[in-house]
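Chemist: After the structure tokens below, expect a handful of questions from me.
Laboratory data are not the source of any read-out in this text; all were calculated from the coordinates shown. Since the structure is predicted, the reported quantities are computational estimates derived from the model, not experimental observations. Cβ coordinates were reconstructed from backbone atoms using ideal geometry, including for glycine residues, and neighbour counts include every protein chain displayed.
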Amino acid sequence: MRVFSAILPSGNLHIGNYIGAIKNWLELQNQYQCIFSIANYHAITVKQDPEILRQKSLEIAKIYLAAGIDPKKVIIFIQSHINEHTELAWILGTLATISELKRMTQFKEKSEQHKKNVNLGLFSYPVLQAADILLYQTEIVPVGEDQKQHIEFTADLAKKFNKLFGETFIIPKALIKEEGCRIMGLDNPLKKMSKSAKSPLNYLGLLDTSEEIRKKISKAVTDSGAEIKFSKDKPAIFNLLTIYQILSFQSKKEVEEKFKNSNYADFKKELTKIVLEFLEPLQERFYKIKDKEVYEILQDGANKAQGIARETMKKVKERVGFLTSL
Ligand code: ATP
Ligand code: MG
């Protein structure tokens, strides 16, 4: 079974990316053939500074490693190193309809966020994502809840292609863990935590300093009332409790029991402690990783990914009726 997932080098990686995606990758890498990409083609669908984009791509690779992704077990590579991603996206684009793409929630949200740059790439983002996944004959796509719609779209596109041209692609499925699949913004618990959020107070960055973490948690919005409980009508505290629960490996019940006589200030202090206990060793490992080591891992990853991508693309071109090159 093959697993594929990716993260955009579009900003600072946050605790939502870790809990919703990377944490699950750590379990999967021991059981399946995993491919984890750094999706720079996707990142440029919103405006990026070229130098920062380059720097963030390397940073994400280092975070994968510091978090425990093992390059001996998995393939780590940069999306733009494999030409087949954009090549397959073009072909799949001819099967994707405008009305399907218009329904995509992420497109609607990002168009709203970047009103002056609603570009074609942003619109066809799910088609490129489908190409990423289908190129590697992926069965499992471990992602956060926000990506569910895109993975369903990918599966539909694969079925459509198979029906028209004959069995070519494996139909992928999203793997979304119930707990922590949608970590919300600290400044707005009704919207998901996001790398490209306007305010840094929205997210807990995996590379934030302890001072920043302290400040962000202390400024995190809370709900009315004083109870520290997992209650759907208290979205802010529900979210903070979820982060606490997952990072402390406890059940909801245990956490509620622990904080039943606490106030928000006490709870936030404990949450800060648990977040820092998680981040400090990760950051320590991160800062020890040398650029050269990462370049070698990315080169090796690209070589391995290339082999799989080429095979799929060859099949696709035959199926759609392209003359093979002489
Ligand atoms: P951007 O705002 O640039 O889209 P992002 O924070 O949404 O950034 P992505 O690179 O788009 O991050 O997503 C990487 C992975 O992290 C995906 O699997 C996505 O579903 C997951 N993810 C993103 N945000 C959250 C979140 N708030 N909670 C849980 N998982 C998340
Ligand atoms: Mg996103």
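Chemist: Taking R0 as 22 Å, what's the FRET efficiency between K108 and E178 from their Cβ-Cβ distance, rounded to 0.05? List each step's numbers first, then the result.
Modeler: Details: r = 25 Å, r/R0 = 1.13.
With a Förster radius of 22 Å, E is 0.35.
Chemist: Further, regarding this structure: Using the Kyte-Doolittle scale, which helices in the chain average at least 0.0 and also have C-alpha atoms spread 24 Å or more along the helix axis, with helices defined as whole DSSP H runs? Can you show the working numbers first?
Modeler: Details: long enough: 50-67 (25 Å, 0.21); 148-165 (26 Å, -0.52); 264-288 (36 Å, -0.48); 291-320 (41 Å, -1.00).
Within the chain the helices that satisfy the rule are 50-67.
Chemist: About the Cα centre of the chain, what is the dipole size in debye to 20, counting +1 per Lys and Arg Cβ and -1 per Asp and Glu Cβ, all else neutral? Don't skip to the answer; put the middle values down first.
Modeler: Values: 49 positive and 40 negative charges, 103 e Å.
Using Cβ point charges on Lys, Arg, Asp and Glu, the chain gives about 500 debye.
Chemist: Residues with amide H under 5 Å of K192's amide H, sequence separation 5 or more or different chain, H placed in the peptide plane at 1.01 Å from N; which?
Modeler: G185
Chemist: For S199 paired with K163, estimate the spin-label separation in nm (one decimal), with each label point 7 Å from Cα along the Cα-to-Cβ line.
Modeler: Output for this residue pair reads 4.7 nm.
Chemist: Given the Cα-Cα distance of K314 and K191 and 0.36 nm per residue of separation, how much length would full extension add, in nm?
Modeler: On the way: separation 123, 0.36 × 123 = 44.28 nm, distance 4.16 nm.
The span from K314 to K191 would gain 40.1 nm if fully extended.
Chemist: Counting DSSP beta bridges with both partners in the chain, what percentage is antiparallel, nearest 5?
Modeler: So the antiparallel bridges amount to about 10 percent of the total.
Chemist: Follow-up. In whole Å, how far is the Cα centre of the range 67-137 from that of the range 200-250?
Modeler: 31 Å
Chemist: Could you check which residue among R103, R214, R285 shows the biggest mean-square fluctuation in a GNM of the chain with a 10 Å Cα cutoff?
Modeler: R103
Chemist: Now, a different point. Give a quick list of GluC sites (Glu not before Pro) in the range 161-257 that DSSP marks as loop, anything other than H, G, I, E or B, with at most 16 other Cβ atoms within 10 Å.
Modeler: For GluC sites (Glu not before Pro) across the range 161-257 that sit outside H, G, I, E and B with at most 16 neighbouring Cβ atoms in 10 Å, the list reads E167, E178, E179, E227.
Chemist: Say a paramagnetic label sat at a point 7 Å from the Cα of K47, along Cα to Cβ; which residues of the range 188-210 have their backbone N under 15 Å from it?
Modeler: Taking a point 7 Å out along Cα→Cβ of K47, the residues of the range 188-210 whose backbone N falls under 15 Å are 198.
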